[in-house]
Amino acid sequence: MKFSPGTAIAVIMANMIGTGVFTSLGFQLQDIQSPFVLIMLWVVGGITALCGALSYAELGAALPRSGGEYNFLSQIYHPGAGFIAGWISATIGFAAPSALAAITFGTYLASVFPDLSATWLAGALIMLLAVAHGGSHRSSSLVQRAFTALKVLLILGFCALAAGFAPEPQPISFVPQAGDGAVLISGAFAVALIYVSYAFTGWNAATYLTGELERPQQTLSAVLLVGTAGVTLLYVLLNATFLWVAPISAMEGKLEVGYIAAQQAFGARGGAVMGVLLALLLVSTVSAMIMAGPRVLQVMGEDYGVFRLLARTNDDGIPTTAIYAQSALALFFVLSASFERILLFTGFTLSVSAFVTVLGLFVLRVRQPDLARPYRVLGYPFTPLVFLLVTGWTMTFILLQRPVEGLWGIAIIAAGGVFYALSNRRR
């Protein structure tokens with residue numbers, strides 16, 4: 001049994017809708033307070049993600065194997081480049097976002113029930129979902145699709161109810177104001193885009209399941225496009241709702257902006273109920289990370305003897321060892337990581353990996369012009385160029401304005417290169 005396109009779309013949407021959109025606004029408001037510019041952050045982020053998704057669709061159709069960037073870069077550049085991409089995915093690409101989503105889940109629940117520990121709630125969620133996804137394709141698909149459907153319905157319901165029940169909308173305007181143009185090209189906007197790009201991380205999730213997807217060469221492009229476009233619309237709607245119902249001063253610098261907006265719209269009791277529901281939204285995010293990420297570890301185990309234990313599967317073809325290994329690393333991050341710092345350095349590092357992968361689209365067309373391409377990216381070469389320009393711009397400003405986080409990302413990449421050299425020598 002393989003995953004259907006509907007399950008793959010659910011994985012994409014669940015991967016994307018999670019920690020970023022429910023926490024980023026509070027950090028963005030510390031430097032940007034124009035409602036128009038804040039909404040433009042999500043529009044620009046969505047367009048960039050769509051351009052990246054369409055580029056990945058061509059690569060995934062031409063090089064149909066599970067593993068995402070690990071598979072693409074190994075075949076386009078060199079096995080070492082693929083190894084480093086897999087190393088990024090293995091160390092922070094899925095484990096760190098899983099941890100951040102679980103921490104946000106715990107934070108939202110602990111805001112409603114102060115006697116509960118956010119850390120223990122996060123750890124329990126990771127362990128339960130690891131067991132759920134370590135069984136069969138059927139149980140894994142049911143868990144993922146159910147929680148993703150719940151997530152979309154709750155977001156739409158929250159936006160409609162918050163706009164309708166808010167006692168008094170905030171005195172804001174989403175129309176451009178004087179000075180907004182300068183902010184759009186500022187370093188603050190570029191750094192804020194890293195939070196947004198992190199929130200959109202996951203648009204490429206289906207490429208990690210390519211080998212287990214029904215008719216991947218025919219369905220992958222539609223899966224990536226539908227999932228990414230749908231999430232972009234939800235993000236714009238959700239952030240506009242936050243700004244419409246809650247004062248900027250109440251959300252500035254805060255992690256649980258959704259809970260704050262719910263309190264403003266529904267009062268203390270209604271806010272508590274919505275806080276629990278918003279926490280439940282994050283279950284599918286952690287679930288999707290635990291579902292997709294271990295497939296990278298699995299294919300690395302198939303290619304490198306030093307990781308061969310990670311390639312082990314159960315009778316249904318599920319990479320159980322990889323699932324439990326990634327979940328253990330996520331638990332480590334839950335217990336030891338600083339939220340904002342790990343969000344920034346994770347977003348930067350994943351941006352580097354995606355940048356090199358989309359650049360590989362041009363390399364592959366030059367090196368293998370006769371390669372069968374069941375799907376060709378719409379708007380080539382402008383579509384991948386948009387992604388490269390925006391992503392390159394944000395990475396540059398991270399290095400300039402938040403060098404510690406940028407250097408941590410570079411250190412992770414360099415460590416992957418060293419580990420590849422050692423593993424290759426052992427081979």
Examine the stretch 108-116 for a residue that is within 16 Å of the chain's Cα centre (by Cα), in contact (Cβ under 8 Å) with a residue 12 or more places away in the chain and surrounded by fewer than 24 Cβ atoms within 10 Å (Cβ to Cβ), and state whether such a residue exists. no
If we keep just the residues of the stretch 344-383 that are surrounded by fewer than 16 Cβ atoms within 10 Å (Cβ to Cβ) and of a type in the set (D, E, K, R), which is farthest from TYR77 (Cα to Cα)? ARG376
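Do we find a residue being over 20 Å from the mean Cα position of the chain (by Cα) and crowded, with 22+ Cβ neighbours inside 10 Å anywhere in the stretch 286-294? Before the answer, list the steps.
At the first step, the residues of the stretch 286-294 found to be over 20 Å from the mean Cα position of the chain (by Cα) are none.
There is no residue in the stretch 286-294 that is over 20 Å from the mean Cα position of the chain (by Cα) and crowded, with 22+ Cβ neighbours inside 10 Å.
Inside the stretch 344-391, can you point out the residues that are in a loop (DSSP other than H, G, I, E, B), more than 29 Å from VAL43 (Cβ to Cβ) and hydrophobic (A, V, I, L, M, F, W, C)? Show your work before the answer.
Of the residues in the stretch 344-391, the ones in a loop (DSSP other than H, G, I, E, B) are 368-381.
With the extra rule that they be more than 29 Å from VAL43 (Cβ to Cβ), the set shrinks to 368-374.
LEU371, ALA372 - these are the residues of the stretch 344-391 that are in a loop (DSSP other than H, G, I, E, B), more than 29 Å from VAL43 (Cβ to Cβ) and hydrophobic (A, V, I, L, M, F, W, C).
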Pick from the stretch 242-277, criterion crowded, with 22+ Cβ neighbours inside 10 Å and β-branched (Val, Ile, Thr), ranking: nearest to GLN30 (Cα to Cα): VAL257
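This table checks each residue for (1) more than 20 Å from the chain's Cα centre (by Cα); (2) at pLDDT below 85; (3) buried (at least 19 other Cβ atoms within 10 Å of the Cβ).
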site: GLY181; (1), (2), (3): yes, no, no
site: ALA188; (1), (2), (3): yes, yes, no
site: LEU193; (1), (2), (3): no, no, yes
site: ALA199; (1), (2), (3): no, yes, yes
site: LEU209; (1), (2), (3): no, yes, yes
site: GLU214; (1), (2), (3): yes, yes, no
site: GLN218; (1), (2), (3): yes, yes, no
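Among the residues of the stretch 90-97, is there at least one that is of a type in the set (Phe, Trp, Tyr) and over 23 Å from ILE260 (Cα atoms)?
yes
If you take the residues of the stretch 307-343 that are charged (D, E, K, R) and assigned to a helix (DSSP H, G or I), which of them is surrounded by the most Cβ atoms within 10 Å (Cβ to Cβ)?
Going through the qualifying residues, I end up with GLU340.
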Return the residues of the stretch 60-104 that are in contact with a Leu (Cβ under 8 Å, 6 or more places away or on another chain) and at pLDDT 90 or above; say none if nothing qualifies. GLN75, ILE76, ALA81, ILE84
Do we have PHE419 as closer than 21 Å to ALA292 by Cβ and at pLDDT below 90 here? no
Within the stretch 51-93, the residues that are more than 19 Å from the chain's Cα centre (by Cα) and among the aromatic types (Phe, Trp, Tyr) are TYR77, PHE83
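Taking the stretch 282-313, which residues are β-branched (Val, Ile, Thr) and in contact (Cβ under 8 Å) with a residue 60 or more places away in the chain?
Of all residues in the stretch 282-313, those β-branched (Val, Ile, Thr) come to 283, 285-286, 290, 296, 299, 306, 313.
If the condition is that a residue be β-branched (Val, Ile, Thr) and in contact (Cβ under 8 Å) with a residue 60 or more places away in the chain, then VAL283, THR285, VAL286, ILE290, VAL296, VAL299, VAL306 are the ones that fit.
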So which residues in the stretch 392-427 are assigned to a helix (DSSP H, G or I), surrounded by fewer than 20 Cβ atoms within 10 Å (Cβ to Cβ) and charged (D, E, K, R), if there are any at all? ARG425, ARG426
Taking the stretch 241-272, which residues are of a type in the set (A, V, I, L, M, F, W, C) and assigned to a loop (DSSP other than H, G, I, E, B)? ALA246, LEU255
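The values are calculated or read from the model by the stated rules, or taken from the named source; none is laboratory data. In this text the structure is predicted, and so the values were computed from the model without any measurement. Because the Cβ atoms are built from the backbone with ideal geometry, glycine has one as well, and the counts that use them run over all protein chains shown.
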